[in-house]
Amino acid sequence: MGALLLLAGCATNASPPVQPAPPAPASDVVPPGMAYLYGSAEAAALSEQTYNGLTAYVRATLDKARDARGRLPHQRGEGTLPRWPRSVVLAPGATAAVADTLPCGTLPPAVVLDMDETAVLNLGYEYNDARTGAPYDGKRWERWETGGADKVVAVPGAVAAFRTLRAMGVTMVVNTNRSAAYAEDSARALADAGLGAFRHGETLFLKGDADGKSGKDGRRQAIAARYCVLALVGDQLGDFADLFNPPGPAPALGRRMLPSVAALRGKWGAGWFVLPNPVYGTGLGTGWDDTFPQDKRWRDDAPAEGAK
């Protein structure tokens, strides 16, 4: 009897097992932005087009800089002709009105690219987002950075472009806001996607490198001190210059119009190359007035079909 009472007491005092929260119900519909970027042939074609344009632009730039013996400026030394064009990295103090860029001198050539949704597509992470509907969580992103290397794929066109440009003697440099604490994980993700080897501080620059900031201008300038940066590639305008980061330098003009100001509009497709990203980032979140100007709104005043 005592044994039974003892067992009963244990059962009464024991904590019930903790049950995991049920997963959010999965939708059968892929979010439209994700369906477009990760699933559509149209997005793949845009990415291929961007990388084809990048490769053609860099090839033409190299050809213009060769001397009669086929040597590039960094293979000849100072004072020889033809010279490199100026870098496509904006100089410190540059503005949307005066977009001065850095000189190249006789530095070796490079292309600088963002990582996420520019060099690789984060299929595993975005699948989790789509299925759970969970809001962004920095800790979850850290778990992804350290555990998702085999769940990314290269952006369409990237593998071929990286190989072709490297064969031309161009160094590929990734400048990303992934964490410097997980540099090896990011390098592994790039390698697993077929994009080759990257070394932190040489060909892989991460959040906080160079100046401790999340903006990329400091890192771009540090890279431009080592290389003649012939092209920048990204999916957010902050991948090209911090002046594009909200709210931007000219709120009265509106961020929407910044890419079209005279000093900047000639750079798109001629050193600056943008990839589509309708899933996240600064390209999303505009309001009605930003998206649909008052004087361009149309209303259909015809009665609805079948109305009496």
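The values are calculated or read from the model by the stated rules, or taken from the named source; none is laboratory data. Nothing here was measured: the structure is a model prediction, and the numbers come from that model. Cβ atoms come from the backbone with ideal geometry, glycine included; neighbour counts cover every protein chain shown.
Hey, among the residues in segment 176-186 that are of a type in the set (Gly, Ala, Ser) and assigned to a helix (DSSP H, G or I), which one's nearest to residue 121 (Cα to Cα)?
Looking at the filtered set, the residue picked out is 186.
Scan segment 105-115 and give yes if some residue there is in a loop (DSSP other than H, G, I, E, B), touching a residue at least 24 places away in the same chain (Cβ under 8 Å) and under 14 Å from the mean Cα position of the chain (by Cα), otherwise no. Show your work before the answer.
Step one: of segment 105-115, the residues in a loop (DSSP other than H, G, I, E, B) are 105-108, 114-115.
Now narrow it down to the ones that are touching a residue at least 24 places away in the same chain (Cβ under 8 Å): 105-108, 114-115.
Remaining after also requiring under 14 Å from the mean Cα position of the chain (by Cα): 114-115.
Yes, because at least one residue in segment 105-115 is in a loop (DSSP other than H, G, I, E, B), touching a residue at least 24 places away in the same chain (Cβ under 8 Å) and under 14 Å from the mean Cα position of the chain (by Cα).
Grab the strands (runs of 3 or more DSSP E) fully contained in segment 187-288, keeping just those with 1 or more residues being free of Cβ contacts under 8 Å to residues at least 40 places away in the same chain and either buried (at least 18 other Cβ atoms within 10 Å of the Cβ) or among the aromatic types (Phe, Trp, Tyr) (or both).
In segment 187-288, the matching strands (runs of 3 or more DSSP E) lie at 204-207.
If I ask for residues that are crowded, with 16+ Cβ neighbours inside 10 Å and β-branched (Val, Ile, Thr), which ones from segment 58-90 would you list?
Answer for segment 58-90, where residues must be crowded, with 16+ Cβ neighbours inside 10 Å and β-branched (Val, Ile, Thr): 58, 61, 88, 89.
Would you confirm, using the coordinates I've provided, whether residue 165 is at negative phi, more than 16 Å from the chain's Cα centre (by Cα), modelled with pLDDT of 95 or more and not small (Gly, Ala, Ser)?
Details: at negative phi: yes; more than 16 Å from the chain's Cα centre (by Cα): yes; modelled with pLDDT of 95 or more: yes; not small (Gly, Ala, Ser): yes.
Taking the combined requirement at face value, the residue satisfies it.
If I filter segment 180-187 for residues that are hydroxyl-bearing (Ser, Thr, Tyr) and touching an Asp or Glu at 6+ places or on another chain (Cβ under 8 Å), do I get at least one hit?
Yes, some residue in segment 180-187 is hydroxyl-bearing (Ser, Thr, Tyr) and touching an Asp or Glu at 6+ places or on another chain (Cβ under 8 Å).
Considering segment 137-166 alone, what residues qualify as being under 16 Å from residue 178 (Cα atoms) and touching a residue at least 40 places away in the same chain (Cβ under 8 Å)?
Of everything in segment 137-166, those that are under 16 Å from residue 178 (Cα atoms) and touching a residue at least 40 places away in the same chain (Cβ under 8 Å) turn out to be 142, 145, 148, 149, 152.
Of the residues 295, 300, which is in a helix (DSSP H, G or I), exposed (fewer than 10 other Cβ atoms within 10 Å of the Cβ), modelled with pLDDT of 90 or more and at negative phi?
295
From 57, 38, 127, grab the single residue that is modelled with pLDDT of 95 or more, touching a helix residue (DSSP H, G or I) at 6+ places or on another chain (Cβ under 7 Å) and not in a loop (DSSP other than H, G, I, E, B).
38
Any chance you could count how many residues in segment 58-83 are in contact (Cβ under 8 Å) with a residue 12 or more places away in the chain, more than 14 Å from residue 228 (Cβ to Cβ) and under 29 Å from the mean Cα position of the chain (by Cα)?
Total satisfying the criteria: 1.
I'd like the residue in segment 91-148 that is surrounded by fewer than 18 Cβ atoms within 10 Å (Cβ to Cβ) and in contact with a His (Cβ under 9 Å, 6 or more places away or on another chain) and, out of all such residues, is farthest from residue 160 (Cα to Cα).
105
When only residues in segment 169-181 that are surrounded by fewer than 17 Cβ atoms within 10 Å (Cβ to Cβ) and in contact (Cβ under 8 Å) with a residue 24 or more places away in the chain count, which is nearest to residue 108 (Cα to Cα)?
Out of the qualifying residues, it is 169.
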